Structures are given as C-alpha cells and as structure tokens.
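Report on one structure; see the data block that follows.
The values are calculated or read from the model by the stated rules, or taken from the named source; none is laboratory data. Every value quoted in this text rests on a predicted model; they were computed, and no experiment measured them. A quick note on method: Cβ atoms are made from the backbone with ideal geometry, for glycine too, and the neighbour counts reach across all protein chains shown. Keep in mind that these areas ignore ligands, DNA and RNA; they rest on the heavy atoms of the full protein, side chains included. Shrake-Rupley method; radii C 1.70, N 1.55, O 1.52, S 1.80 Å.
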Amino acid sequence: MYESLALYINGEFIGGDGRKTEDVVNPATQEALGQLPHATQADLDHALESAQRAFESWKRSSPMDRSAILRKVAELARANAKEIGRNMTLDQGKPLAESVGEIVSCSEHLDWAAEECRRLYGRVIPPRNPDARQIVVREPVGVCAAFTPWNFPYNQAIRKVAAAIASGCTIVLKGPEDSPSAIMAIARMFHEAGLPKGCLNIVWGKPAEVSDYLIRSPIVRKVSFTGSVPVGKQLAALAGQYMKRGTWELGGHSPVMVFDDADIDRAATMLAKFKVRNAGQVCVSPTRFYVQKGAYDKFLAKFTDVLKGIKVGDGLQAGTDMGPLAHERRVPAIERFVEDSVKRGGKVVLGGDAPKGKGFFFNPTVITDLPDDAMLMTEEPFGPIAPVVPFTDMEEVLKRANSLPFGLSSYVFTNSLQTATKVSNGIEAGMVNINHFGSALAETPFGGVKDSGIGSEGGTEMFDGYLVTKFITHI
Ligand code: NAD
C-alpha cells in the first residue's frame, strides 16, 4: 500500500484522467510505487484562480480559526506519523525512524505557527502632531507559489504551508516529484481539518516549466523555494523581474571546526552519526571537516571507526542506519566527487563506492589529504561523503571556512569559551552550532547568508516573508 497520487486544486483531489504521468520509484528497490499526474496549463490556471479567490476571504479570517486548523493538522500528523513516515521511506529512502521523526517534529512547526499567528502585531508610532495617529499593520502578502525538494519532503513543505496559512496567505505548492507521498498527506490532513477550498493547492509537473509559469503569473505575489543555489538564483532572478517577494533556502557547504581542546571522541562520534543522517542529503549537513593538527589523528580514527559501523540498507528494514540516495542521478554525482578527489591526490580512507546490487546506495566515505580547491572542498556534495583536513590556528581555519560563497550552517567543537565566541563572531553563516546540533527547531530561525539564501523559516522570523507592512495615519 502506498499513497494515491493526485493534484489537489480548489479542495478536490484530481487523478490522472488522461494527463501525463511519471513513475515514482522506490530508491531502495528500484520498483515503481505509483504514477504521479502532471498538471496541465489549465490545471495551473485553475490552481492560481482558486488560490486568488480563496485569498479574498482567507486574508480576513480570524487568527483563532487559522490557529485551530493548524493545530488540528498537527494532531492528525501525530496520529498518522507511522503511515506517512512509511510512505516517505518508500519513496525517499531514509530510515523509517528518521521519516517518522520528521513527521512528529513537524507538528511542532504547525503548533508554533498556530500560536504565533495570533501575535502578528503591528505598532503605534508616536505622532509629531498630537491630534494624529500613526499605525503600522502587517497584512498577508497574497497568493504564494512554493517549490519544495525531495530530501525532507514533509518538513520543507510543512514549513512553507504553515507560514503561509498562518499569515492569511493562500498557496500553490509544487512538491518533489521524486518523493510525493508526504505532500499528499499534507493535502489530505488540511482537507480533513477543514481548510477552506483553494487555500492550499498542490500541483506536479516538470519543475522548470511549472515554476516558470507560476512565478510569471500576476496572481502570485510571493515565491518560496528550497533547493540548489543555481536553481534558486535562476528563480530569484525571474521573481525579481516581476518584483515578487521571495524566501530562498538554498544549498550550503557547512564547515566543521574541531579544536584541539574539544572532547574529540564525543565530537567524532556525534559528527559521524550526523553526517549519515538522510544519507548526507541535508542542506545543513556537516560537509567540510577542519580538525586542528594536535587532534587530527585521534579524530580521524574515531570518526572513521563510527562510520564503519553504519549499517546501510533499505530504510524499512530494522537496524538500518542509512538508506539509499533518493534517486538514481545522485549515485554518479557522488562518484564524481570521489573521482575528482583521487585525481587531486586525496586518499579514500573509507568507502568511496556504491555497494553491488539493486538500489541507489552509496557507502559512507571519508577522504583525506585534499587541497582546499578540490571539488569536494568547494562544491556541496549532498551525500554520505566527508573530507577531513587539518588546520593550525583559528585565524587560518576561519579564513578557509569563509572562503566559499555559501553561508548556511556551521559547527564548532571546543572547550574554550573564548574560541567559541571568536569563531561565532567571525564565521559567515546563518547558523552556528557549538558543541551540539541545535538548529532547525520550530522556535528558532533557520536560513543562510551569502549564496545560501535570503529569509528565514522558523522562529518569529518565519512570517516576515509572508506579510507586507502598511502604514496608516489619520487625524
Ligand atoms: P536539482 O538542482 O536539479 O534540483 C534540486 C531541487 O530543485 C529539486 O527538488 C528539483 O525538483 C527542484 N528544481 C530543479 N529545477 C527547478 C526549477 N527550474 N524550478 C523549480 N524547481 C526546480 O538537483 P537534484 O539532483 O534534484 O538535487 C541535487 C542538488 O540540489 C544538491 O546538490 C543540493 O545542492 C540541492 N538540494 C538542496 C536542498 C536543500 O535543502 N537546500 C534540497 C534538495 C536538493
């Protein structure tokens, strides 16, 4: 049993009915799971018009009503987490516990949006003229178009949908065609929770064609995209042509800085386990490991040892630590990083290849002795592959860490408060995790700087992209 796949427009689930379809494939077995219908141009127009019509009343809805619907979806998701998670493991590949954890933790995002939408305050500005009033109000921006990726199919979509719906916006969402089941579950739960028709619309198709059509539409007032830097820049340029607001959560190449004075065993163990989460297909995955010279050998030995013990397999099988990559094209993509590393003098100290047999698996891989300009040190790998290189002092490692155009997450391990403070001040990143992994919570902002994007999801900042400011003065 797998999700039945459909478009969701104006409160109706719309099946194939002669539309183009694409196969959804289980990345662990390469078996087809179902067929996903693509939206026609008429479907896209229908979704846009439905979202526009719905916006006229939704923008005037009480925050209490929005809050109740979001809370209801949070409850439904908790109750159905196992089933939604199982389907997500089938089409995305991550281990079942990670899938179920993603669904359950996202109910916190829904609850957070439900709480905070009652506090979208404006302000009163003291007037120069005592008879005047000066008021600032925040209003929903309008119809949003959102594009979400395949690595966290549920999380990435729920953050955007919750922010839009909580703010009084309506939304047309194009989810990941590779891993669509979680998006279908979101549509079903909002439907069941009583979200008025047209507030949430789900479409599928060729990503470039759908995004081009939706972003150019005069109905759309805001674009939200999570995905790679090149695609994000392309969509941001298009949105810019039409002066549309945007939230851009793009890629990173998160540096890890492990200092001599850190608890090295703890750091190596935590980082190895974090590295293989979702097979490394995480925008905030630790991807460049800089280890201070005095701790280098000890770190590398422990890190490699923990990764050796990672059980790679079908995410539905008990005991699996790491599933396959999400689709076929990711295997050659990771192989290219290994090939370039070897050409550049890198030593493969663990893995470096795909296991034989069915499925898009890749073994956890550790590479050392790389120059800073090797592909693996400069391009986001988005897979279970870790370059480990030594550094001498803080000034040097900060310079190397900041040398790339990305600035999403960063990780620091040290027992010195002074080092922690200096590195957190000096690093160019949207998120700094020191001695633990603490980002991506509902109540904390999540986002990058530099090429890693614009805007935040999570925290009170999550609403900024979905609201416009209006100044009202009267006398
Ligand atoms: P890709 O760049 O083709 O696609 C990345 C995502 O963007 C996919 O979900 C895809 O459907 C979507 N996309 C691509 N072109 C689009 C367009 N013109 N309009 C709208 N959406 C579009 O590459 P891929 O092989 O699917 O993924 C690999 C790369 O994507 C990774 O190396 C990583 O950098 C990036 N990625 C980042 C995130 C993230 O969370 N920031 C998530 C998934 C993928």
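Okay, here's what the table says:
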{"item": "Matching residues in the stretch 95-120 - criterion: being more than 30 Å from Leu467 (Cα to Cα), more than 17 Å from the chain's Cα centre (by Cα) and open to solvent by less than 50 Å² (accessible area, probe 1.4 Å)", "result": "Pro95"}
{"item": "Checking Lys233 against (1) touching a Ser or Thr at 6+ places or on another chain (Cβ under 8 Å); (2) under 23 Å from Asn402 (Cβ atoms), the condition it does not meet", "result": "(1)"}
{"item": "Ala51 vs. criteria over 21 Å from Lys82 (Cα atoms), surrounded by 15 or more Cβ atoms within 10 Å (Cβ to Cβ) and aliphatic (A, V, I, L, M)", "result": "yes"}
{"item": "Answer from Val136, Val141, Val124 - the residue that is away from the ligand (no atom under 11 Å from the Cβ), aliphatic (A, V, I, L, M), within 23 Å of Ala239 (Cβ to Cβ) and modelled with pLDDT of 95 or more", "result": "Val141"}
{"item": "Every pair of residues 6+ apart whose Cβ atoms lie under 8 Å, when the first sits in the stretch 449-472 and is closer than 16 Å to Val284 by Cα while the second is surrounded by fewer than 17 Cβ atoms within 10 Å (Cβ to Cβ)", "result": "Lys450/Pro405; Asp451/Lys233; Asp451/Pro405; Gly455/Glu461; Gly458/Leu441; Gly458/Glu443; Gly458/Thr444"}
{"item": "Filter pass, Ala97 being of a type outside the set (Asp, Glu) and either farther than 30 Å from Glu139 by Cα or not in a helix (DSSP H, G or I) (or both)", "result": "yes"}
{"item": "Some residue of the stretch 87-94 being open to solvent by 60 Å² or more (accessible area, probe 1.4 Å) and at pLDDT 95 or above", "result": "no"}
{"item": "Odd one out for Glu457 among (1) open to solvent by 20 Å² or more (accessible area, probe 1.4 Å); (2) touching a strand residue (DSSP E or B) at 6+ places or on another chain (Cβ under 8 Å); (3) in the same structural domain as Cys117 (by TED's automatic domain parsing)", "result": "(1)"}
{"item": "Residue list for the stretch 217-238, filter: more than 9 Å from the ligand (Cβ to nearest atom) and surrounded by 22 or more Cβ atoms within 10 Å (Cβ to Cβ)", "result": "Val220, Lys222, Val223, Ser224"}
{"item": "Filter pass, Arg245 being more than 9 Å from the ligand (Cβ to nearest atom), over 25 Å from Thr40 (Cβ atoms), in contact with a Gly (Cβ under 9 Å, 6 or more places away or on another chain) and open to solvent by 10 Å² or more (accessible area, probe 1.4 Å)", "result": "yes"}
{"item": "Filter result for Arg86 (in the same structural domain as Leu467 (by TED's automatic domain parsing), part of a helix (DSSP H, G or I), closer than 22 Å to Ser4 by Cα and in contact with a helix residue (DSSP H, G or I) (Cβ under 8 Å, 6 or more places away or on another chain))", "result": "yes"}
{"item": "Among residues of the stretch 1-21, those that are in contact (Cβ under 8 Å) with a residue 12 or more places away in the chain, open to solvent by 40 Å² or more (accessible area, probe 1.4 Å) and closer than 21 Å to Asp45 by Cα, counted", "result": "6"}
